[in-house]
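Before any comments, here is the structure.
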Amino acid sequence: MLEDPDELAVLEEIQQELILQEQSVIEEYERSLQFDEECLNAMLDGLDAGDKIICPVCRKNNLTVRNHVVFCQCGLYISTQGMTEGKLRSLLENTVTEHSHRCFHSPEFTVTSGMEEEASLLMSCPV
């Protein structure tokens with residue numbers, strides 16, 4: 001048995017750190033499950049909506065590809081050349097699938113633009 005109060009305090013501190021770390025892992029797992037459920041629901045909704053593509057930025061609305069532009073009600077607006085809904089769907093699916101082979105975290109999408117360049121869709125991983 002440990003009788004030194006300092007040793008007990010250190011062990012209690014380690015125990016608290018382990019509990020916090022476990023809670024963090026559980027929260028991340030729950031977020032991942034929630035994202036998977038959202039993706040599944042979006043795919044199921046997509047089956048009802050035909051060939052629509054869910055916006056990867058807002059994850060609520062459908063993307064529209066028309067006249068060399070990809071846009072969404074959330075404000076996503078990207079000029080493209082020769083983009084079709086089929087190409088866009090394939091690019092998004094392949095990129096997310098490739099990421100999921102290396103990382104179990106869910107990627108995030110944002111629209112970026114520089115001073116001279118046009119808007120681009122950027123996929124990043126929070127980890």
Angle between the chain longest axis and helix 5-48 axis [Cα atoms, degrees, rounded to 10]: 20 degrees
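So what's the back-of-envelope 222 nm ellipticity for the chain, counting only DSSP H runs of four-plus at -39500 (n - 2.57) apiece and dividing by all residues, rounded to 500? Could you put the intermediate results ahead of the total?
Values: 2 runs with 62 residues, N = 127.
That calculation yields -17500 deg cm²/dmol at 222 nm.
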Partnerless Cys - the chain, beta-carbon criterion under 4.7 Å: Cys39, Cys103, Cys125
Using protein chains only and a probe of 1.4 angstrom, how many square angstrom of Lys52 are accessible, to the nearest 10? 100 Å²
Over the alpha-carbon set of the stretch 53-124, work out the extent along each principal axis and list the three values in angstrom, largest first. 34, 28, 23
Read-out Rg and Dmax of the Cα atoms in Å, candidates (1) 21.9, 83; (2) 21.6, 77; (3) 22.8, 70; calculated match is (2)
Just how much of Thr84 is accessible, in Å², when a 1.4 Å probe is used and the result is rounded to the nearest 10? 70 Å²
Compute the acute angle (0 to 90°) between the alpha-carbon long axis of helix 85-102 and the principal axis of greatest extent of the alpha-carbon atoms of the chain; round to the nearest 10°. 20 degrees
Calculate the FRET efficiency for Arg102 and Glu7 from the Cβ-Cβ distance with a Förster distance of 41 Å, rounded to the nearest 0.05. 0.45
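Estimate the FRET efficiency between Cys39 and Gln15 by the formula 1/(1 + (r/R0)^6), using the beta-carbon distance for r and 25 Å for R0, to the nearest 0.05. Please list the in-between numbers first.
Working: r = 36 Å, r/R0 = 1.46.
FRET efficiency, Cys39 to Gln15: 0.10.
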Normalised by the number of residues in the chain, what is the relative contact order in percent for Cα pairs under 8 Å and 6+ residues apart? 15 percent
Full extension between Glu118 and Ser24 adds, at 0.36 nm per residue less the Cα distance, a length in nm of 30.0 nm
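The values are calculated or read from the model by the stated rules, or taken from the named source; none is laboratory data. These numbers come from a predicted model, not from an experiment. All Cβ positions, glycine included, derive from the backbone under ideal geometry; neighbour counts span all protein chains shown. The area values use the complete protein model at the heavy-atom level, side chains included, leaving out ligands, DNA and RNA. Shrake-Rupley method; radii C 1.70, N 1.55, O 1.52, S 1.80 Å.
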